[in-house]
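The values are calculated or read from the model by the stated rules, or taken from the named source; none is laboratory data. Predicted model, so just to flag it, every value in this text is computed and none were measured. Virtual Cβ from ideal backbone geometry, glycine too; neighbours counted across all protein chains shown.
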Amino acid sequence: MATHILDAMSREGFEEVLAVHDARSGLRAFLAIHDSSAGPAFGGVRRWAYEDEDGALRDALRLARAMTYKCALAGLPAGGAKMTILDRGGLDLPAAYRAVGDLAERLAGRWCAGPDVGTGEAELRALAARTRHATDPGPSGPGELVESTVEGVFRGLLAALEHLDGEADLPRRSIVVQGLGEVGAGLARRLVARGARVRASDLDSARARAISHELEIELVDPATEFDQRCDVFAPCALGGILHDLSIARLRCRVVAGGANNVLARHAHGERLHERGILFAPDFVLNAGALVRGALFHLEGRREPVAAIGDRVAATTARILDRARAEGWAPSRVAIEEAEDVLAERRARRV
Ligand code: NAD
């Protein structure tokens, strides 16, 4: 177990962390609620084969705080949360997700549960059968949420290129997409349709082959992802991949992708800046699904995907312009803006 959980909570402004156990289904999970002071704390349920409790707890904390930042920068009257389920097999999935739904109901709207890795349409349905406090994916299922994410990442990437060179000019760009899952494949599809030269990688070689065949793009060996010379490196796989060693290997001008918490530590945003690589912060670019889900939950309206792209592009351009004006790393500007929003909320509460 993390030994200093209360220290971490007070240092990073967490409201509450719940350890959840349901003997009937075998559910073992953590729910981290980072901030529900301005409205519901939105956060998906991640089900993963975590090595141990510590890993699951740390993931919940990291991801919940990033959700608060996403809400703050997207101007949503809401905060962030995340549930992580330790799945080492043997879970009664429908019963486990019903138990998660019961918990959301008991929390009476402080937490609004949503999809994440391991929580797709079937799991969300089991959860939503027990509570009103769940993201409604829309008439055609969670694919609609992913589309919003993909559009946001695409438009944020274009905004980063425009910021750098005055125009996106995709036909002259080479882009390496790391991870061809839902977000990476969606991004690659949009980039290819606009004429960019896309290369990509995925650890799942069958998936990589299928998408490369569909889009007629070149595959790169995942072991060489960071070494590829390109205009944009687009991380769309796991978090924590940008650290001292990988940053030293990068041969791109821009990092812009959809993966959550792509920097191993905040300081790695500064490392990218020092290397002259423009980093479009992940929690700005990948907020699309959150924005769409939250606006439906809060206001009952489904924001068109194109409008979500406009929002993300505008926020990205604002952050990058301010970073240039101040001479700061964009990640520092984005974190500072999000922290300012939180400080204002706290001041209003006193
Ligand atoms: P996914 O599971 O569909 O796809 C991830 C893919 O990355 C998998 O195919 C996996 O094999 C591959 N992968 C893992 N490590 C790799 C590596 N080192 N090199 C190459 N490929 C690798 O997940 P997704 O829904 O596409 O999400 C991708 C990222 O975007 C995640 O970090 C997720 O948290 C983030 N994100 C997703 C959404 C969404 O709406 N789905 C929203 C916000 C953020």
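Would the stretch 108-131 turn up any residue that is at pLDDT 95 or above, surrounded by 24 or more Cβ atoms within 10 Å (Cβ to Cβ) and in contact with a Cys (Cβ under 8 Å, 6 or more places away or on another chain)?
The answer is no; no qualifying residue exists.
Give all pairs with beta carbons closer than 6 Å in which a residue from the stretch 162-181 that is under 15 Å from ILE217 (Cβ atoms) meets a residue that is aromatic (Phe, Trp, Tyr) and within 16 Å of the ligand (Cβ to nearest atom); count only pairs at least 6 apart in sequence or on separate chains.
Cβ pairs passing all conditions: VAL176/PHE233.
Could you tell me how many of the residues in the stretch 150-177 are closer than 11 Å to ASN286 by Cβ and either among the small types (Gly, Ala, Ser) or modelled with pLDDT under 95 (or both)?
Qualifying residue count for the region: 2.
Quick one: ARG155 ticks every box in (1) more than 29 Å from ARG265 (Cβ to Cβ); (2) of a type outside the set (A, V, I, L, M); (3) out of contact with any strand residue (DSSP E or B) (no Cβ under 7 Å at 6 or more places or on another chain) bar one, so which box is it?
It is condition (1) that ARG155 fails.
Identify all residues within the stretch 144-177 that are buried (at least 24 other Cβ atoms within 10 Å of the Cβ) and small (Gly, Ala, Ser); write none if there are none.
SER148, GLY152, GLY156, ALA159, ALA160
Determine whether LEU203 is at pLDDT 95 or above, more than 9 Å from the ligand (Cβ to nearest atom) and outside any strand (DSSP E or B).
Criteria not met by LEU203.
Quick grid of which residues meet (1) within 16 Å of the ligand (Cβ to nearest atom); (2) within 22 Å of LEU158 (Cβ to Cβ); (3) surrounded by 24 or more Cβ atoms within 10 Å (Cβ to Cβ):
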position	(1), (2), (3)
ARG265	no, no, no
LEU278	no, yes, no
ALA287	yes, yes, yes
LEU290	yes, yes, yes
ARG302	yes, no, no
VAL305	yes, yes, no
GLY309	yes, yes, no
THR316	yes, yes, yes
GLU326	no, no, no
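Give the residue that is modelled with the lowest pLDDT, with candidates limited to residues of the stretch 178-195 that are surrounded by fewer than 22 Cβ atoms within 10 Å (Cβ to Cβ) and part of a loop (DSSP other than H, G, I, E, B).
GLY181
Go through the stretch 249-298 residue by residue and tally those that are without any contact (Cβ under 8 Å) to a residue 24 or more places away in the chain and on the phi < 0 side of the Ramachandran plot.
Matching residues across the stretch 249-298 total 4.
Please go through the stretch 2-46 and give me each residue that is free of Cβ contacts under 8 Å to residues at least 12 places away in the same chain, farther than 21 Å from LEU103 by Cα and small (Gly, Ala, Ser), ordered by number.
Across the stretch 2-46, the qualifying residue is only SER10.
So, GLY109, is that one more than 16 Å from the ligand (Cβ to nearest atom), over 23 Å from LEU73 (Cα atoms) and not assigned by TED's automatic domain parsing to the domain that holds ARG311 or not?
no
Only one of these is over 21 Å from THR149 (Cα atoms) and not acidic (Asp, Glu): LEU203, LEU215. Name it.
Result: LEU203 is the single residue among LEU203, LEU215 that is over 21 Å from THR149 (Cα atoms) and not acidic (Asp, Glu).
Check whether at least one residue in the stretch 35-52 is farther than 29 Å from GLY293 by Cα and either of a type outside the set (S, T, N, Q) or in contact with a helix residue (DSSP H, G or I) (Cβ under 6 Å, 6 or more places away or on another chain) (or both), and report yes or no.
So in the stretch 35-52, the residues farther than 29 Å from GLY293 by Cα come out as 51-52.
Imposing the further condition that a residue be either of a type outside the set (S, T, N, Q) or in contact with a helix residue (DSSP H, G or I) (Cβ under 6 Å, 6 or more places away or on another chain) (or both) reduces the set to 51-52.
Within the stretch 35-52, one or more residues are farther than 29 Å from GLY293 by Cα and either of a type outside the set (S, T, N, Q) or in contact with a helix residue (DSSP H, G or I) (Cβ under 6 Å, 6 or more places away or on another chain) (or both).
In the stretch 165-197, which residue that is within 14 Å of the ligand (Cβ to nearest atom) and of a type in the set (Val, Ile, Thr) is nearest to the chain's Cα centre (by Cα)?
Ranking the candidates gives VAL183 first.
Please determine whether any residue of the stretch 85-103 is within 18 Å of the chain's Cα centre (by Cα), within 16 Å of the ligand (Cβ to nearest atom) and over 21 Å from SER148 (Cα atoms).
yes
Looking only at the stretch 231-259, which residues are surrounded by fewer than 23 Cβ atoms within 10 Å (Cβ to Cβ) and part of a loop (DSSP other than H, G, I, E, B)?
Initially, the stretch 231-259 is screened for residues surrounded by fewer than 23 Cβ atoms within 10 Å (Cβ to Cβ), giving 231, 237-241, 243-253.
Listed by number, the residues that qualify are ASP231, ALA237, LEU238, GLY239, GLY240, ILE241, HIS243, LEU250, CYS252, ARG253.
Got a sec? Which of VAL284, VAL255, VAL232 is of a type in the set (Val, Ile, Thr) and touching a Lys or Arg at 6+ places or on another chain (Cβ under 7 Å)?
Going through VAL284, VAL255, VAL232 in turn, the sole match is VAL232.
For every residue, the table says whether it meets (1) under 14 Å from the mean Cα position of the chain (by Cα); (2) modelled with pLDDT under 95; (3) under 17 Å from ALA72 (Cβ atoms); (4) aliphatic (A, V, I, L, M).
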site	(1), (2), (3), (4)
PRO281	yes, no, yes, no
ASN286	yes, no, yes, no
PHE296	no, yes, no, no
GLU303	no, yes, no, no
ASP310	no, no, no, no
ALA313	no, no, no, yes
